[in-house]
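All remarks here apply to the structure that follows.
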Amino acid sequence: MTAIRTIVLMMAMAATPAFAADRCGDADGNGAVTVTDGVQVLRAAVGLGSSCTLARCDLDDSGAVSVTDGVNVLRDAAGLPVNLACPGETPACTAATVRVTLAAPQPIGAATLTLDYPEGLVTLPGSGDAAAARVTILTGGSLVNDGSPNDRDDDVTFTLISSEGVGAGELLSVRFDCLAGAPTAAQFGCTVADATAPDGLTPVAGAGCTATVTSE
């Protein structure tokens, strides 16, 4: 798996084109199955950003995108026989709301939270602090400047500062515009870094976060 991740990271990726009707194996939605599609599927299989949807990339209809699916896309691109059994049309999607839940062994007074998102599938209007209009704070604790969200076009970062501390539980939600079919939670990543207690000195080890997705 490590070798596959390294190979995928070293390959230059072209800009994602406009999406066409779903075709099994056509990860980027340009109407043809190519080696580039195989790379996109392998990226999805190892948890990297990708334009994949199950309707395009789950070639064996297993309910998940795997390395085997990536190999089969490469076989199809090379004209070799392969069984295509994608699950069908991707559910329509106009917006996807991602809810972020904080996991921490004690209240956090300061930290940086990063929410990675699949830029080929969802987007936020504008950039930088324009993301604030799409963010809703869910925690009962107060956050300075509502977390100061900053959209960097493939992730949103938050500066979590709270004098009384923010504990474990639902923290915030972000409403994205969909560019294609409904994204899955596995296509978003969430990390917490540099967490300290409300005293500003004591490190908080083991802090993290998870994301869930609701599409409409």
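None of the figures in this text is laboratory data; all of them are computed from the coordinates on show. In this text, all values refer to a predicted model and were calculated from it rather than measured experimentally. Reconstructed Cβ throughout: ideal geometry from the backbone, glycine too, with neighbour counts over all protein chains shown.
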Per q in 0.15, 0.16, 0.18 Å⁻¹, report the Debye log10 I(q)/I(0) for the chain, using one uniform scatterer on each alpha carbon and no solvent.
-0.93, -1.01, -1.16
Leu171's amide H: which non-local residues (gap 5+, or another chain) put their own amide H closer than 5 Å, with H modeled 1.01 Å from N in plane and none for Pro or chain starts?
Val100, Thr101, Leu102
Which residue fluctuates most in the GNM of the chain (Cα springs below 10 Å): Val144, Val192, Val73?
Val144
Using a simple spin-label model with points 7 Å from Cα along the Cα→Cβ vector, what separation in nm is obtained for Glu119 and Arg152?
1.1 nm
Residues with beta-carbon under 11 Å from that of Asp26, excluding Asp26: net charge, scoring Lys, Arg +1 and Asp, Glu -1?
-2
Between Ala95 and Ser142, the FRET efficiency computed from the C-beta separation at R0 = 30 Å comes out, to the nearest 0.05, as 0.65
Take the Cβ-Cβ distance between Glu170 and Ala205 as r, set R0 to 22 Å, and report the resulting FRET efficiency rounded to the nearest 0.05.
0.50
Label model pair Ala78, Thr214: point-to-point distance (7 angstrom along the Cα→beta-carbon line) in nm is 4.6 nm
Can you give the translational diffusion coefficient of the stretch 164-216 in µm²/s, computed by Stokes-Einstein from the Kirkwood radius over Cα pairs at 37 °C and 0.692 mPa s?
242 µm²/s
